[in-house]
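The values are calculated or read from the model by the stated rules, or taken from the named source; none is laboratory data. Treat the numbers as computed from the prediction; the structure is a model and nothing was measured. Glycine also receives a Cβ, built like all others from the backbone with ideal geometry; neighbour counts cover every protein chain displayed. Note: areas computed on protein heavy atoms with side chains; ligands, DNA, RNA excluded. Shrake-Rupley method; radii C 1.70, N 1.55, O 1.52, S 1.80 Å.
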Amino acid sequence: MIIAIDGPAASGKGTLSKRIAAELGLAHLDTGSLYRAVGVAVLRAGKDPADAAVAAQVARALRPEDGILADPELRSDEAAQAASKVAVVPEVRSALLDFQRTFAAVPPAGAPGAVLDGRDIGTVVCPDAAAKLFVTASVEVRAERRLKELRERGIPAIPSDVLEDMKARDARDSQRAVAPLKPADDAFVLDTSAMNPEQAFAAALAYIGSKTGLGPKR
Ligand code: CDP
């Protein structure tokens, strides 16, 4: 049982995916953390994330099972920007594909299925997923959410910079040639601009229930 959840930065798909996985007793993979791990490794090596050959080499050497995905540095804004640069490189994407598909097919800890969230899960990684959600919100609402999150983590941020960074990442993610950010033809598009997290969660669960018959594990 595979559930694909895609969407742009700060759409709320990460929090939503985690909650859905917990509610339904499924494993969860935040695929953005794979691209972040590659971006951070390139930065740590003192190299440029836009250097395709370096990024591809780093991606091929990445062993996600070794705990790198839990590194707090992956959550930084530098990591996010580096991630979206390495993510345009086709060899980076193909190097990360196997890990994602294996996670989906054989979820860890014997879980009966998996929730994968990212940009291309419903379109490329798991096109046969039982349920596909595309979670989105206006760029202004997403920038506002990201700003709040940064402030809660004690990171000073300038609203106009956050908005500009968000637009730059949206542009890179949706205009790249390989696996661009877009809803799969058969995805359920959930626009959370005017929803709180509870409402988004309820709408997502109702959709997944209608596609898979899965309900809360009690
Ligand atoms: O948490 P947030 O939505 O800000 O970002 P993320 O999901 O951690 O993804 C970071 C970057 O990785 C994105 O901007 C994409 O460029 C890239 N990514 C991707 O290309 N494909 C995925 N399946 C997941 C992330």
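Residues of region 1-25 that are surrounded by fewer than 21 Cβ atoms within 10 Å (Cβ to Cβ) and either more than 7 Å from the ligand (Cβ to nearest atom) or in a loop (DSSP other than H, G, I, E, B) (or both): 1, 8, 15, 18, 19, 22, 23, 25.
Mind checking whether some residue in region 39-48 is within 9 Å of the ligand (Cβ to nearest atom) and surrounded by 24 or more Cβ atoms within 10 Å (Cβ to Cβ)? There is at least one residue in region 39-48 that is within 9 Å of the ligand (Cβ to nearest atom) and surrounded by 24 or more Cβ atoms within 10 Å (Cβ to Cβ). Condition (residue is of a type in the set (Gly, Ala, Ser), open to solvent by less than 50 Å² (accessible area, probe 1.4 Å), in a loop (DSSP other than H, G, I, E, B) and more than 20 Å from residue 13 (Cα to Cα)) applied to region 78-91: is it met by at least one residue? No, every residue in region 78-91 fails to be of a type in the set (Gly, Ala, Ser), open to solvent by less than 50 Å² (accessible area, probe 1.4 Å), in a loop (DSSP other than H, G, I, E, B) and more than 20 Å from residue 13 (Cα to Cα).
Just wondering, is there one or more residues in region 59-72 that are surrounded by 18 or more Cβ atoms within 10 Å (Cβ to Cβ), at pLDDT 95 or above, in contact with a helix residue (DSSP H, G or I) (Cβ under 7 Å, 6 or more places away or on another chain) and basic (Lys, Arg)? No, region 59-72 has no match at all.
Among residues that are of a type outside the set (Gly, Ala, Ser) and open to solvent by 40 Å² or more (accessible area, probe 1.4 Å), residue 120 is not included. Quick one: how many residues across region 92-128 are more than 9 Å from residue 27 (Cα to Cα), within 12 Å of the ligand (Cβ to nearest atom), not basic (Lys, Arg) and not in a helix (DSSP H, G or I)? Number of matching residues: 4.
Inside region 193-216, can you point out the residues that are within 17 Å of residue 22 (Cβ to Cβ) and not in a helix (DSSP H, G or I)? Residues satisfying the conditions are 214, 215, 216.
Of all residues being touching a helix residue (DSSP H, G or I) at 6+ places or on another chain (Cβ under 8 Å) and of a type in the set (Gly, Ala, Ser) in region 101-117, which is surrounded by the fewest Cβ atoms within 10 Å (Cβ to Cβ)? Just the residue, please. My answer is 113. Of note, residue 131 does not satisfy the criterion of being open to solvent by less than 10 Å² (accessible area, probe 1.4 Å) and within 12 Å of the ligand (Cβ to nearest atom).
When residue 183 is tested against (1) in a helix (DSSP H, G or I); (2) open to solvent by 20 Å² or more (accessible area, probe 1.4 Å), just one condition goes unmet, and that condition is (1).
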